[in-house]
Structure formats: structure tokens, C-alpha cells
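Report on the following structure.
Bear in mind these aren't lab numbers, they're just calculated from the coordinates by the rules spelled out. Since this is a predicted model, take the numbers as computed values, not measurements. So basically every Cβ, Gly included, is an ideal-geometry build from the backbone, and we count neighbours across all protein chains shown.
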Protein chains: 2
Amino acid sequence: MEIRSKIWVEVDGEPVFGRGRRFLLEAIDKYGSINQAAKEINISYRKAWSYINAMEERLGIKLVERRTGGKNGGGTVLTNEARSFLEKYKKLEDGIKEIVDRRFKKIYGQ
Amino acid sequence: MEIRSKIWVEVDGEPVFGRGRRFLLEAIDKYGSINQAAKEINISYRKAWSYINAMEERLGIKLVERRTGGKNGGGTVLTNEARSFLEKYKKLEDGIKEIVDRRFKKIYGQ
């Protein structure tokens, strides 16, 4: 018997951010490219943008910005606000998984 | 912005018990009747039994027992093991909701 848990953020009762969006932002941060990030999490480029637009609108935060030039010919990176939001979410999500596991062991004795 | 969370119990990677099943067992405990409990949570009597059978099998616990006679003509009540399992689950679920809310406020400052 195992315990599972999940958290997500809502705005006005609508889901806005959860594990899937976390992976999307993490992948953008890793690759500096929406295209690469979309591939990594197995969604289309178009879908990735629709997720980003919806999050930006509902959270009221600009999440990505285009970088032009440079040796890799530019790309799309997370804004500082996006990075800050993501870091908080990761801290929250990772901490909760640990707490849930610990409480489960304590209460159910396994 | 609000945080939402959900927990559930799995056995061998399969979901077995969560908020919906909690409500079913609570309703059986309240009414002493599968029929009334099913009505309360808006599922059919047949569906209620299929949930109970699946939980009993996967958890390896007998959850309900038939009571015959008495002034209300009998009914179906939770076994002591079911009540014990349910109490633990409620303690776990309610405690986690509080913790998630508190951590969210602390980390996101809202």
C-alpha cells in the first residue's frame, strides 16, 4: 500500500499550474528553446505556446522572453519572475511529497 | 491564487482509495445502508457494491457486514477494520490539507 499525492495552483477556481506545467517550464529553462522543451515533454510546439499563453494570462506574469543573436542564434528563456514562481512551486511540491510520505508511514504504520 | 491538493492510496500501482471512496464509507457509516449511501453520493446501488468489492479485494480488508433484524429491519454497517482504515485516512487527508495551505501561504506569501 502506497500513498500518492498531487498539488496544483488555481486562479478563480480554474487549474493553472501543476506538475505538467512545472516540467514544461523546467524544460524551457534547461534548453532555452520552446521547441526543444515541447519535444522533451512530448507535446507539440503549438500546444506548448497555448499552455504558456494561458499561464501568463491567468497568473498575470510574463513567463518567457525571446533572446536574439548569440552563438546559438537566440532562443526563448524564462523571465526572472517565471524562475521565481517555478522555484517556489518546486519547493512546495517537493516538500509536500516528503510530508505526505512521512505522515502516511506514521498513521498507517507502513 | 489558491493551492489545491489531493491524496489517494494505491496498491500495486493501482488507485484504491481516495476522497470519493472516503465519502462512500462515511455515508455507509452514517446511514447503515448501502442504498441510502449510494443515493447520498449520487451513484447507483450497483456501482456502490462494485466499489466496495474492489476495495475489499485490493486492500485485503472486509469493509461491510450485513445486520439483520432490529427495529429498522437491518442494514449494512462498516466493520471495525473499515472504520479504523477510514479514521486513519481522514486523519491523513485532513492533516495534509492544512499543511499544504500553510506551506503555500508561507512560500508564496499569500
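Might you report the magnitude of the Cβ-based charge dipole of the stretch A:18-102 about its Cα centre, with Lys and Arg at +1 and Asp and Glu at -1, to the nearest 20 debye?
On the way: 18 positive and 12 negative charges, 39 e Å.
Result for the stretch A:18-102 is approximately 180 debye, rounded to the nearest 20.
Taking R0 as 30 Å, what FRET efficiency do you get between B:Asn53 and B:Lys91 from their Cβ-Cβ distance, rounded to the nearest 0.05? The partial results should precede the final answer.
Numbers: r = 25 Å, r/R0 = 0.85.
With a Förster radius of 30 Å, E is 0.75.
Suppose we look only past 32 Å in the calculated P(r) of the protein assembly as shown. What percent of the Cα-Cα pairs does that tail hold?
On the way: 9214 of 24090 pairs.
Above the 32 Å cut-off, the protein assembly as shown has 38 percent of its Cα pairs.
Across the residues of A:74-85, average count of Cβ atoms on other protein chains within 10 Å?
Working: counts 0, 0, 0, 0, 0, 0, 0, 0, 0, 0, 0, 1.
Partner-chain Cβ atoms within 10 Å, mean over residues of A:74-85: 0.
Across peptide A:10-16, the mean count of Cβ atoms from other chains lying within 10 Å of each residue's own Cβ comes to 2.
Around B:Val11, under 9 Å between beta carbons, what's the net of Lys plus Arg minus Asp minus Glu among the other residues?
Numbers: positive: B:Arg58; negative: A:Glu2, B:Glu10, B:Asp12, B:Glu14.
Charge balance near B:Val11 sits at -3.
This model, with +1 at the C-beta of Lys and Arg and -1 at the C-beta of Asp and Glu, gives the protein assembly as shown a dipole about its Cα centre of some 120 debye. Straight Cα distances below 23 angstrom link A:Lys97 to the lysines A:Lys6, A:Lys88, A:Lys105, A:Lys106, B:Lys6, B:Lys88, B:Lys90, B:Lys91, B:Lys97, B:Lys105, B:Lys106, with same-chain residues fewer than 8 positions distant left out.
Alpha-carbon geometry of the stretch A:28-86: the Rg and the Dmax are 11.4, 34 Å, given in that order. When each of the peptides B:98-105, A:27-34 is scored by how many other beta carbons lie within 10 Å of its residues on average, the order from highest to lowest is A:27-34, B:98-105.
Restricting everything to alpha-carbon atoms, can you work out Rg to Rh for chain B with a Kirkwood hydrodynamic radius?
Numbers: Rg = 16.5 Å, Rh = 15.4 Å.
A ratio of 1.07.
Electrostatic tally near B:Ala54: other residues with Cβ closer than 11 Å to its Cβ, Lys and Arg +1, Asp and Glu -1, net 0. With axes computed from alpha carbons, what is the tilt in degrees of helix A:45-59 against the longest principal axis of chain A, rounded to the nearest 10 within 0 to 90? Between the helix axis and the principal axis of chain A, the angle is about 70 degrees. Here is how far apart the A:Glu98 label points are across copies: 2.1 nm, shortest first, using a point 7 Å from Cα toward Cβ. Estimated purely from DSSP H runs of n ≥ 4, each contributing -39500 (n - 2.57), the mean residue ellipticity at 222 nm for chain B is -19500 deg cm²/dmol once divided by its residues.
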